[in-house]
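Asks: Below is the structure I would like to discuss, written out as structure tokens.
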2 protein chains.
Amino acid sequence: MAQGILRRYGEHLPITDRTPDLSLCEGSTPLIPLINLGRELSVELYAKFDGLNPTGSFKDRGMVLAVAKALEEGARSVVCASTGNTSASAAAYAARAGIPCFVVLPSGNVAMGKLAQAIAYGAKVVPIEDNFDVALDLARKGAEEMGMAIVNSVNPYRLMGQRSASWEICDELGDRPDWLVLPVGNAGNISAYREGFDYYSSLGRCSGLPRMVGVQASGSAPLALGREFPEPETVATAIRIGRPVNAEKAKKAVSDSGGAFLAVDDEDILEAQRLLAGRDGIFAEPASCAGVAGLMKLKERGELPEGIRIVTVLTGNGLKDPDALLSRISPIEPVKAQWSVLEEIFRS
Amino acid sequence: MAQGILRRYGEHLPITDRTPDLSLCEGSTPLIPLINLGRELSVELYAKFDGLNPTGSFKDRGMVLAVAKALEEGARSVVCASTGNTSASAAAYAARAGIPCFVVLPSGNVAMGKLAQAIAYGAKVVPIEDNFDVALDLARKGAEEMGMAIVNSVNPYRLMGQRSASWEICDELGDRPDWLVLPVGNAGNISAYREGFDYYSSLGRCSGLPRMVGVQASGSAPLALGREFPEPETVATAIRIGRPVNAEKAKKAVSDSGGAFLAVDDEDILEAQRLLAGRDGIFAEPASCAGVAGLMKLKERGELPEGIRIVTVLTGNGLKDPDALLSRISPIEPVKAQWSVLEEIFRS
């Protein structure tokens, strides 16, 4: 039977007899060989497609544990400050658990499209007349004053659950890959992968860390460019973060593994999205494609060794953000419904 | 390693030594227990969530086989007439296979949102100044005159690949469920399930057919209501089909299994979508939710036996059609960023 993270990896997670058996069958996402892009880059390339999690992003891996522990600890509701994937995931697991979910966010950022998913799962969305930091402060206050479970990345169970992705990769490949290449925003996921590989290594299930390459968008690249980004801007909204909460952990993951941070332009990210879909048939949200954009850049620079085994993490489903794509497409002119016209098009 | 349909079920499919090893790791989708809805309906209820296939719908199961066989038979391009899930799936597998995909459709129906996915995968979209039937005729002519592979449901490999869903259900449950409840549009999927259960039964891997319940939207219900729908209309666009190609097969599946066809209103479908997401944390596209709507209706009528094991098929991801949801949501008014205001909301 489909199991989800808590059953599949429960022995490696802080589960007790009182932790509820929460699951949406998250995790166990496919590690898809990128046959065509791998050939072009002369490497053995895989995509860990975490966009095929139940709510469409890697956030489900940590959220299932965070909500299960919240239930165990007696929380009667869940709260987060978020405008994106976190809110969808929190809302889905809260719904499954039968408790309310509140999503606090700055009113200027209320794009209904992005929030549609959280609303579908029945979350109560609360736009406030202030910025994101204040939204997060109010969510925290809900946790402190009312015992709500805050499930932003300050919740330690989130990263613990996210470690499961590294375990799945090792279980499937029989070891860690040579390189792990992934997008970096708040830097939580790269930290979780590092901890996951370390832990599996301590069990003898993989040989230390892969070389970890964290890719940021150049308009939001505090780690890659080593300076502050008070007003980060990028098409890859899921990694548009100027002050990464887990910056220090991420730096250590990169230096301990002999890895690197890299910045790529929005154009490179969108080109990578086009290549992933157009060459290998995988549609991932823009942030997810930063890893492939990073690899293209390293290849151009002659800094990509041939023949190595690389896993790039696709953190979210392309269906999460169709606008990023649609905004670049011109309307298509209709043609006459005649075979001679179609024949010419089919031959082109 | 992740395998996809052709590797996992190759022995049961018309694969030869010359069939290419095509895969996007489709299939092996989770059978998610609907704990909360099952309790309300007093049945053991599971959702086969085929929206977690690589392109977000069950179409991938048949498309991988159709495109692999097209390659084997020497086709140099793929063509289909489609405005929805078929075009996305065809485009993804054609991209993976390295051949062009042409999508012909009536120009009046060009909703860029629905086509974004096919365009992302690099399909060439051709809107024609005529209706769907003419689009299909032109696609067929491309197949006849130019050797293009037509991958509409007239392609027999489509339904053969779709049988894999029934095999996965049996492999996971150890037998067929008591009932299988699924949306019916063109009636191909219900026919594929029937053939799949029959086949597995002949191998001794399940005990005959489950009772098959096919659910249609009442504005597009030729099988459930037994009359023609020249201009079908429903919010569940994926089953908005007035003349189902596989009508006869589907009728036989239902009568041979002691099942039934059922019509549900759009309001019931949208309520079922809300319940699936809000109670059990699963966001499926409207058509997918017809099965749950049908179960609610049978429950109301007192026609749903208690304690039986039911699988309902969720054919597509909710992210495919956020507009169906957004159109029903009113803008949310922002509130003052004060703890007293938030406290009151959190207590509500």
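The values are calculated or read from the model by the stated rules, or taken from the named source; none is laboratory data. Predicted model, so just to flag it, every value in this text is computed and none were measured. Ideal geometry is used to build each Cβ from the backbone, glycine not excepted, and the neighbour counts take in all protein chains shown. What goes into the accessible areas is simple: the full protein's heavy atoms, side chains included, and nothing from ligands, DNA or RNA. Shrake-Rupley method; radii C 1.70, N 1.55, O 1.52, S 1.80 Å.
Asks: Determine whether A:Thr19 is β-branched (Val, Ile, Thr), away from every other protein chain (no Cβ under 12 Å) and open to solvent by less than 40 Å² (accessible area, probe 1.4 Å).
Replies: yes
Asks: Any residue at all in segment A:72-79 that's at pLDDT below 95, at the interface with another protein chain (Cβ under 8 Å from one of its Cβ atoms) and farther than 18 Å from A:Leu24 by Cα?
Replies: no
Asks: From the list A:Val254, A:Val341, A:Val313, A:Val264, which residue is closer than 19 Å to A:Glu44 by Cβ and in contact with a strand residue (DSSP E or B) (Cβ under 7 Å, 6 or more places away or on another chain)?
Replies: A:Val313
Asks: Name every residue in segment B:108-128 that is farther than 22 Å from A:Leu270 by Cβ and either open to solvent by less than 10 Å² (accessible area, probe 1.4 Å) or part of a helix (DSSP H, G or I) (or both), in order of residue number.
Replies: Once the filter is applied, which keeps residues that are farther than 22 Å from A:Leu270 by Cβ and either open to solvent by less than 10 Å² (accessible area, probe 1.4 Å) or part of a helix (DSSP H, G or I) (or both), segment B:108-128 yields B:Gly108, B:Asn109, B:Val126, B:Pro127, B:Ile128.
Asks: When you go through A:Leu41, A:Leu34, A:Leu115 one by one, which is the residue that is within 11 Å of chain B (Cβ to nearest Cβ), in contact with a strand residue (DSSP E or B) (Cβ under 9 Å, 6 or more places away or on another chain) and within 30 Å of A:Glu172 (Cβ to Cβ)?
Replies: Result: A:Leu34 is the single residue among A:Leu41, A:Leu34, A:Leu115 that is within 11 Å of chain B (Cβ to nearest Cβ), in contact with a strand residue (DSSP E or B) (Cβ under 9 Å, 6 or more places away or on another chain) and within 30 Å of A:Glu172 (Cβ to Cβ).
Asks: Kindly indicate whether A:Ile308 is in contact with a Pro (Cβ under 7 Å, 6 or more places away or on another chain) and among the aliphatic types (A, V, I, L, M).
Replies: No.
Asks: Could you please find all residues in segment A:109-148 being over 27 Å from B:Gly318 (Cα atoms) and of a type in the set (Gly, Ala, Ser)?
Replies: Of everything in segment A:109-148, those that are over 27 Å from B:Gly318 (Cα atoms) and of a type in the set (Gly, Ala, Ser) turn out to be A:Ala135, A:Ala139, A:Gly142, A:Ala143, A:Gly147.
Asks: When segment A:251-270 is examined, which residues are found to be surrounded by fewer than 17 Cβ atoms within 10 Å (Cβ to Cβ) and among the acidic types (Asp, Glu)?
Replies: A:Asp256, A:Asp265, A:Glu267
Asks: Could you run through segment B:275-326 and say how many residues are of a type outside the set (Lys, Arg) and within 13 Å of chain A (Cβ to nearest Cβ)?
Replies: The total comes to 25.
Asks: Right, here's the next one. Would you tally the residues in segment B:235-258 being assigned to a loop (DSSP other than H, G, I, E, B) and without any contact (Cβ under 8 Å) to a residue 40 or more places away in the chain?
Replies: Here the count works out to 2.
Asks: Report yes if some residue within segment B:24-31 is open to solvent by 10 Å² or more (accessible area, probe 1.4 Å), outside the structural domain of B:Arg140 (by TED's automatic domain parsing), in a helix (DSSP H, G or I) and in contact with a strand residue (DSSP E or B) (Cβ under 9 Å, 6 or more places away or on another chain); otherwise report no.
Replies: no
Asks: Checking A:Val313 against (1) open to solvent by 30 Å² or more (accessible area, probe 1.4 Å); (2) not in a helix (DSSP H, G or I): exactly one of these is not met. Which one?
Replies: The number of the failed condition is (1).
Asks: With the checklist (1) more than 25 Å from B:Tyr200 (Cα to Cα); (2) away from chain A (no Cβ under 11 Å) in hand, flag the one item B:Asp50 doesn't pass.
Replies: Only one criterion is unmet by B:Asp50, namely (1).
Asks: Name the single residue that is modelled with the lowest pLDDT among those in segment B:83-107 being more than 9 Å from chain A (Cβ to nearest Cβ) and open to solvent by 10 Å² or more (accessible area, probe 1.4 Å).
Replies: B:Thr83
Asks: So B:Ala287 fits all but one of (1) outside any loop (DSSP other than H, G, I, E, B); (2) among the hydrophobic types (A, V, I, L, M, F, W, C); (3) open to solvent by 20 Å² or more (accessible area, probe 1.4 Å); (4) within 30 Å of A:Gly318 (Cβ to Cβ); what number is the exception?
Replies: (3)
Asks: In addition: Quick check on segment A:97-106. Is at least one of its residues β-branched (Val, Ile, Thr), in a loop (DSSP other than H, G, I, E, B), closer than 28 Å to B:Asp50 by Cα and in contact (Cβ under 8 Å) with a residue 12 or more places away in the chain?
Replies: Scanning segment A:97-106, I find at least one residue that is β-branched (Val, Ile, Thr), in a loop (DSSP other than H, G, I, E, B), closer than 28 Å to B:Asp50 by Cα and in contact (Cβ under 8 Å) with a residue 12 or more places away in the chain, so the answer is yes.
Asks: On to the next question. Which of the residues belonging to segment B:153-182 are open to solvent by 10 Å² or more (accessible area, probe 1.4 Å), more than 14 Å from chain A (Cβ to nearest Cβ) and either modelled with pLDDT of 95 or more or touching a helix residue (DSSP H, G or I) at 6+ places or on another chain (Cβ under 6 Å) (or both)?
Replies: Selection gives B:Ser153, B:Asn155, B:Pro156, B:Tyr157, B:Leu159, B:Met160, B:Arg163, B:Arg176, B:Asp178, B:Trp179.
Asks: So, one more: Any chance you could count how many residues in segment A:43-96 are assigned to a strand (DSSP E or B), more than 11 Å from the chain's Cα centre (by Cα) and within 19 Å of A:Ala118 (Cβ to Cβ)?
Replies: Number satisfying all stated conditions: 4.
Asks: Give the residues of segment B:334-348 that are within 10 Å of chain A (Cβ to nearest Cβ) and more than 18 Å from A:Lys114 (Cβ to Cβ), sorted by residue number.
Replies: Scanning segment B:334-348 gives B:Val335, B:Lys336, B:Ala337, B:Gln338, B:Trp339, B:Val341, B:Leu342, B:Glu343, B:Ile345, B:Phe346, B:Arg347, B:Ser348.
Asks: Which one of A:Val292, A:Val341 is modelled with pLDDT of 95 or more, in a helix (DSSP H, G or I) and surrounded by fewer than 20 Cβ atoms within 10 Å (Cβ to Cβ)?
Replies: Criteria check complete, one pass: A:Val341.
Asks: Any idea which residue in segment A:131-149 is nearest to the other protein chains (Cβ to nearest Cβ), counting only those that are in contact with a strand residue (DSSP E or B) (Cβ under 6 Å, 6 or more places away or on another chain), open to solvent by less than 70 Å² (accessible area, probe 1.4 Å) and not in a helix (DSSP H, G or I)?
Replies: A:Met148
Asks: Which one of these does A:Ile332 not meet: (1) touching a strand residue (DSSP E or B) at 6+ places or on another chain (Cβ under 6 Å); (2) in the same structural domain as A:Ala238 (by TED's automatic domain parsing)?
Replies: Just one mismatch for A:Ile332, condition (2).
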